[in-house]
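Presented below is the structure to which this report refers.
The values are calculated or read from the model by the stated rules, or taken from the named source; none is laboratory data. These figures come from a predicted structure and were not determined experimentally. Counting neighbours? That spans all protein chains shown, and the Cβs are built from the backbone with ideal geometry, glycine included. The protein model used for the area step is the full one, side chains on, heavy atoms only, and it has no ligands, DNA or RNA in it. Shrake-Rupley method; radii C 1.70, N 1.55, O 1.52, S 1.80 Å.
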Amino acid sequence: MTKLTDMKREKDSGQAQWEYLLEVEDLKTYFITKAGTGKAVDGVSFRLKKGEILGLIGESGSGKSVAVKSIMQIVPKPGRIVGGKVRFKGEDLLGDAKAIQRVRGKDMTMIFQEPMTSLNPVLTIGRQMTEGIMLHLHLKQKQAEDVACKYLEMVKIPNPQEILKRYPHHLSGGMRQRVMIAMALETNSSLLIADEPTTALDVTIQQQILALIRELRDRLNMGVIFITHDMGVINEISDHTAVMYCGKIQEYASTREVMKNPLHPYTQALIQAIPRIDTEQEELHTIPGSVPSLLNLPAGCSFSNRCQYACEQCKNETPELYDTGDGHFVRCWRYADTSTKEG
Amino acid sequence: MKYVLKRLCSAVIVLFVMSVVIFLIIHWIPGDPAEIYAGTGASASTVETVRKTMGLDRPLVVQYVDWLKGVFQGDFGISLSTKEEILPTLATKFINTLQLSVYGAAFAIICGIGLGVLSALYHNTIIDVFSMLVAIIGISMPVYWVGMLLVMVFSIQLGIFPVTGNETWLSYVLPSICIGLNSLAVITRMTRSSMLEVLNEDYIVTAVAKGLRKPSIYFVHALKNAMIPIITTIGMQFGYLMGGSVLTETVFVYPGLGKYLVDSIQARDYPAIQASLLVLVTVFIIVNFLVDLAYFMLNPRLRSEG
Amino acid sequence: MKRVLTALLTLAMVLSMAACQGKPSSQVDTDNNEPASTKVVMTVTAEIITLDPQVNAGGTAANTVRQNIFEALVRIDGDGNIQPSLATDWSIDETNTVWTFHLRQGVKFHDGEEFTAKDVKATFDRFKTNEESTRAYYYDNLKEVTVVDDYTVNMVLSEPQSNFLYIIAYDGSYIMSEKSLQRSNEEISKSPVGTGPYKYKESTANESVTLERFDDYWGDLPDITELKFVTVTEVATRVNMLRSGEADLITGITDEDLEYFENNDDYSIMYGNSNRVGHLSMNSKRPGLDNILVRQAIEYAIDKDAIVNGILGERGSVAHSVIAPLTYGYADTELYSYDPERAKELLKEAGYEEGELSFTIQSPDGRYYKDKECCMAIAQMLNEVGINAKVEVNDWASFVAKVKAPEESNTVDMWWMGWESGTGEASQVLNVVFAKENFPPAGWNAMFFENDEYETLKNSVLKTTDEKEQLEMYARMQELIMEDAVWVPITVYNECAIYNSKLSGIEITYTDVVRFTNAKIS
């Protein structure tokens, strides 16, 4: 069994030093259809350092998935990135058409929600694992297979040699997700984007995957963006948390801060909605109203139609992201005067 | 292995049943080959003599058994109209039609898959519109008319290809296009829709996210999945090609099995009809078997079962 | 995208290179070192099943090839007269049963044998011994053939037969060499031996037959050195082949196709009078048609001029008897004219209301020029006088089975056919088609025509040697048929050949066959 400490990470040599692994600045991705323009991501900004796990939470339709797909530039049509900057290791990926090809799948990798359908059913595991290695690391078939086996061991899959010859339908959901993680790591990537990787798995497997990701982050010092709609998972895995709603980040802080002191009414509602086993609950908390259609967002704050504190200003003017100190940002009029504007 | 044996057994049974069915049907159709052969001026006694020579005065069962015995020994009998052995003629014509069908199929498959893939990749652009136009034309234009059109433009006006025959390689071009056009349309549409479906699958997104280059994504990840229904379509189409070759063969005076079969039917040449149909049925069976095999190989999910 | 464009460009280049290989042209090689060889390609409309003249199969296609390979003792010229061919002169004895032929000397067969009397004997004896011959019945009256000397032969008949010379001229009587007849029937059928200007060279079964010039031919050598007959069943393809030069002569085209060639100097058009009469037949045993008044009404209801001019065009002329003017024994026996009012009167007289009668016309499917169209026109004309008529189209084999059904089970009312005399004289049609003994299924008298005077005439017309008497008898027979109104003769067909203008001297015989013996090429 190869020790993880044997794996050496290559330092970037000869490149300008950068402070943040990933910087997203005012990212806008719209879906332009005949029915109207859906503003799926409407001015999202955040930063990520090496070795940091950022949790991105929100309901379905909040834009979290589209945001990370925009970073990878795999937004499905008719979506288009219409504005903003995405800087990876200091380089603007949106500026140059070839930039994304240099890093996608190599230095910046992604795993997906549905392990059952995310692997190609007619190609062997071996083929699907080695093609990335051969392409990005320029290794030959045999060497690529060795690397693949090493990573399969790392994600705790037994008999990696055998698995390489199998097809996806021979593996369980949990194993497939591990294979996907192995595929995402094997090119020595610096940034792993995980789009709800545990949602489709049962709870025990979920725990194993989360533990695995944490361990890998510790050893390999990777940056991770972890998307989920489950506050409990956020609490377990992420260092920082960004709450998204209707295409905008509504609150951002360290996870401990967000859990202890949620400021945005939406965040508060989300935390309240977590079912607890330690206290008696008669009813699960729900948030009244429903998520507005992206084609038909309310004027003003997008949460205003469901917020208990909503006032006239909330309904008419869109609040900015305000810094309330200690790196805790919130997009709500209630904190506008007590803070410095962030943007 | 067991799978192969099972299929072989059922194939033989189908062949046998078909031979009886074919025999009964053509003897049941009105029309007397002896009359046809003897001609309109012939007296009744002449017709009778001819009928005896043809062996048609014997009871049906005897005729069938005799014929079947011959088939097992590789003897397909004597043609009632040309008085020559059927097997050599049939073999030549069968090979001709097979050749034409293969060329037509190659044309249909290569251009069909190519066009289908292109129109899936360039979905909703002018290329897509063009290929759908080709598909509609290919399906709706009658084969005979297409053949005539091709001849008028490319043989007479432009003088590139000969009108008839099968001597030079050039003379195969127009008939291959003619016979394959219908299949081309079907394959194009099938490829397009299959590719579009596959391109929407999650594993394609994974492939893109892995940074794989476009050729690899389209032709390895996508096409291999898309091929499964396409192969089935191709198999069926090949059967139709062989069976429907008569129109193309008539237009281009191409000495093939289809025309031979139609001429035999008109002359009520029973042994020739039986032999031709049996050959066609066999081809169908073999093609279907090959398609099943290909399906089996393309789709690994089938292999682990059973 | 770039790759697609490159592929297309390459394809375009390949195609244009192929085009530069030159158009296919009718091969006229004029090498300086060799004598010019000329090849002419003709399309025939059906498979050439056999070249054995003693077998009927193969129709006009086989007859066309045979016409150029063989010769008989006598032949019929363009005016219908008997001319010498392999026989130089002939005579008949006082009993009218022994014909003596003096044979031409210095004639060679294709296999090198000299033509002598033994070959004549061998040829005709074969009818008696060859079971597979379907033309043997023509010679039932020929008792024996005796060799008098090398160049004299006697043909002995059982009874006098005044049309015997026509039978000898008929292409069932082509002379083959005794030596070649010793081979099997298959060999004779494939590569027969005759005395004609062309001999068999090679063939591909069901596809083509090629003949080459016989340089030892006793007569004038034709210009063309090679004749290839290709089977092309599709009329549009024949037209295309002529246009592209792949064929030099085609037949069996429609009026519409003629337009392109008509005012075009590159092509010549030739019409040939034929022996064939296209007609509507009626089954006189069917309810309604068993009344002669009804049949006569039908005769008056049909406008022959309209059909000939409107549908057949140059390919037919109006018929005035059941046989064609070219046929020996023809007499204009037209009884009826186009008179729809008279037709309606006759129907009323017969006791039928308008719309009470319904008949079906059986039509073959393209066996005769525009047969379906003529039937549909007739149906329309019948409808106009109050008879419900519709047309049923059949493939040939089904058509034969329907029409030749015996009286009890025959459900055919009317049908279209085109009888011709293969021998160029009237008895071939009159004695056969209208004879009482030829009711189906034995023969083709599906009109069930029966007339005692007719039977008497039929049995004696071939026995008389007085030509005037014979012609009178034939005329009376035609009259009787017309009076009984079992046929409505509509048209006498013309055959038509279109060919490359560099050909000349093309002939079309009375059996619709193209003859190249005197053809020249420029």
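Okay, here's what the table says:
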{"quantity": "Cβ-Cβ FRET estimate between residue A:96 and residue A:18, R0 fixed at 22 Å, reported to 0.05", "calculated": "0.85"}
{"quantity": "Check: the protein assembly as shown dipole with +1 on Lys, Arg Cβ and -1 on Asp, Glu Cβ, in debye", "calculated": "8240"}
{"quantity": "Inter-probe distance in nm under a simple model that places probes 7 Å from Cα toward Cβ, at residue C:354 and residue C:266", "calculated": "5.5"}
{"quantity": "Segment C:351-384: trypsin sites (Lys or Arg not before Pro) falling in loop per DSSP and having at most 16 other Cβ within 10 Å", "calculated": "C:367"}
{"quantity": "Residue among B:192, B:213, B:58 with the largest mean-square fluctuation in a Gaussian network model of chain B, springs linking Cα atoms under 10 Å", "calculated": "B:213"}
{"quantity": "Part-to-part distance (alpha-carbon centres) for segment B:1-55 and segment C:55-93, which is given in Å", "calculated": "38"}
{"quantity": "Candidate aspartates and glutamates for bridging to residue B:93, where Cα separation is under 18 Å - those fewer than 8 sequence places away on the same chain excluded", "calculated": "B:75, B:84, B:85, B:167, B:249, B:263, B:269, C:47, C:207"}
{"quantity": "Cα gyration tensor shape for chain C, rounded if a/c is under 1.5, else prolate or oblate", "calculated": "oblate"}
{"quantity": "Approximate spin-label separation residue B:52-residue C:149, in nm, with each point projected 7 Å along Cα-to-Cβ", "calculated": "4.3"}
{"quantity": "Charge dipole of segment C:389-522 about the Cα centre (unit charges at C-beta), most positive-ward option of C:500, C:443, C:414", "calculated": "C:500"}
{"quantity": "Largest-first ordering by accessible area, 1.4 Å probe, given options C:140, A:107", "calculated": "C:140, A:107"}
{"quantity": "Under 5 Å, built H, 5+ apart or other chain: amide partners of residue A:244", "calculated": "A:57, A:58, A:250"}
{"quantity": "Charge dipole of segment A:117-196 about the Cα centre (unit charges at C-beta), most positive-ward option of A:180, A:138, A:169", "calculated": "A:169"}
{"quantity": "Vicinal HN-Hα couplings computed from phi for segment C:328-339 (Karplus, 6.51 cos²θ - 1.76 cosθ + 1.60; Hz; Gly/Pro x)", "calculated": "4, x, 5, 9, 6, 10, 4, 10, 10, 10, 6, 8"}
{"quantity": "Pairwise FRET efficiency - residue C:221 versus residue B:106, Cβ, R0 = 51 Å, nearest 0.05", "calculated": "0.55"}
{"quantity": "For residues of A:108-118, the mean tally of beta carbons on other chains within 10 Å", "calculated": "3"}
{"quantity": "Rg ratio (alpha-carbon, reference 2.2 N^0.38 Å) - segment B:96-266", "calculated": "1.17"}
{"quantity": "Spatial separation of Cα centroids for segment C:293-342 and segment C:403-471, in angstrom", "calculated": "19"}
{"quantity": "Antiparallel bridges, percent of DSSP beta bridges restricted to the protein assembly as shown (to nearest 5)", "calculated": "70"}
{"quantity": "Lys/Arg +1, Asp/Glu -1 at C-beta; segment B:96-266 dipole; positive extreme among B:115, B:133, B:256", "calculated": "B:115"}
{"quantity": "Partner lysines for residue C:118 [C-alpha distance under 29 Å; skip if fewer than 8 residues away on the same chain]", "calculated": "B:83, C:108, C:128, C:143, C:179, C:190, C:199, C:201, C:463"}
{"quantity": "Projected area averaged over orientations for segment B:34-74, convex hull of C-alpha atoms, nm²", "calculated": "3.2"}
{"quantity": "Kyte-Doolittle mean at least -0.5, axial Cα span of 24 Å or more - DSSP H helices of chain B", "calculated": "B:2-28, B:86-121, B:173-199, B:223-243, B:270-298"}
{"quantity": "Segment B:96-266: relative contact order as a whole-number percent, Cα under 8 Å and 6+ apart", "calculated": "33"}
{"quantity": "1.4 Å probe, heavy atoms, protein only - residues of segment A:144-172 losing at least 10 Å² accessible area vs chain alone", "calculated": "A:167, A:169, A:170"}
{"quantity": "Sequence of A:320, C:207 from largest to smallest accessible area, 1.4 Å probe", "calculated": "A:320, C:207"}
{"quantity": "Separation in nanometres of the label points that stand 7 Å from Cα toward Cβ, at residue C:522 and residue C:183", "calculated": "3.9"}
{"quantity": "Mean residue ellipticity (222 nm) of the protein assembly as shown, computed from DSSP H runs ≥ 4 via -39,500 (n - 2.57), nearest 500", "calculated": "-13000 deg cm²/dmol"}
{"quantity": "Set A:69/A:156; C:304/C:344; C:121/C:458; C:348/C:370; A:50/A:260; C:228/C:502 screened for pairs whose C-alpha atoms are more than 23 Å apart", "calculated": "A:69/A:156; C:121/C:458; C:348/C:370; A:50/A:260"}
{"quantity": "Extension gain (nm, one decimal) between residue C:388 and residue C:159, 0.36 nm per residue minus Cα-Cα", "calculated": "77.6 nm"}
{"quantity": "Gap separating the Cα centres of segment B:136-212 and segment A:26-89, nearest whole Å", "calculated": "42"}
